[in-house]
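Worksheet: one structure, shown below.
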Amino acid sequence: MAQAASLAQLQAEASCPICLDYLQDPVTTDCGHNFCHSCLLQRWEGLQGDFPCPVCLQHCPDRSLRRNTQLCHMVDVVKQLPNTRRKRKRQEEKPLCEKHHQVLSLFCEEDLELLCPQCKISSHHGGHLVVPMELAAACHRKKLKGSIKFLTKRLEEVDEALEIQTSKAYHLMEEVANQRNKLNIYLSISNRFSLHLEVHLKRYWYNLCQTLFCLCFPQVVL
């Protein structure tokens, strides 16, 4: 474990804080931080008289920095280690900023965008909450997990409510069918009763008419 920690420390010393890749043409600032020469010049592009260190923001007197030859040799040695070769392969697979050609290692919480270290200091993202991409991924993964849990619970509640409503609808349809059958029976009975009543009334009317006629015209035989 101690060997792995030492190797990780060595890899960190051989990496540029700006591009997160192995140092290329390394230079060292007065504050002791190491960078790729091209990365540092790109970071300081457009600045005049005031050149802050990208790590600690300590001001450097000028942008003329000497090449760190010893560190350059150390980087060459670190590159030959098996674990560092695998790490380099993973680094090469990381997405790069199209504008600054640096690794997208940061995340802007306000704009929800991946940023490189150079993007962080731009005016567009000034004052925004910018965190390391790994931290943002862990945070949003946790939020997503919570949202999935909440939505899963809500879906279960909706399914349960739908099942209850479906059961109620089924029983209601059964009740409607039963009432329809009862109504049909009632109408059938009513129709038969009406028909019987009609026949009875016609017969009664006929007999009544015949009786009245006989009373009025007793000599006439129908």
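General observations
- Hits in the stretch 103-115 - residues which are at pLDDT 85 or above, part of a loop (DSSP other than H, G, I, E, B) and either under 29 Å from residue 22 (Cβ atoms) or not acidic (Asp, Glu) (or both): 112
- Boolean, residue 118 is in contact with a strand residue (DSSP E or B) (Cβ under 9 Å, 6 or more places away or on another chain), within 30 Å of residue 18 (Cα to Cα) and touching a residue at least 60 places away in the same chain (Cβ under 8 Å): no
- Given (1) assigned to a helix (DSSP H, G or I); (2) modelled with pLDDT of 80 or more; (3) surrounded by 13 or more Cβ atoms within 10 Å (Cβ to Cβ); (4) not hydroxyl-bearing (Ser, Thr, Tyr), index of the condition residue 73 fails: (3)
- Within the stretch 30-56, residues that are surrounded by fewer than 15 Cβ atoms within 10 Å (Cβ to Cβ) reach partners that are not in a loop (DSSP other than H, G, I, E, B) with beta carbons closer than 8 Å, at six or more positions or on different chains, in the pairs 30/60; 31/60; 50/59.
- Just one of the listed residues (120, 145, 168) is basic (Lys, Arg), over 30 Å from residue 95 (Cα atoms) and surrounded by 10 or more Cβ atoms within 10 Å (Cβ to Cβ), and it is 168.
The values are calculated or read from the model by the stated rules, or taken from the named source; none is laboratory data. These numbers were taken from a predicted model, which means no experiment stands behind them. Counting neighbours? That spans all protein chains shown, and the Cβs are built from the backbone with ideal geometry, glycine included.
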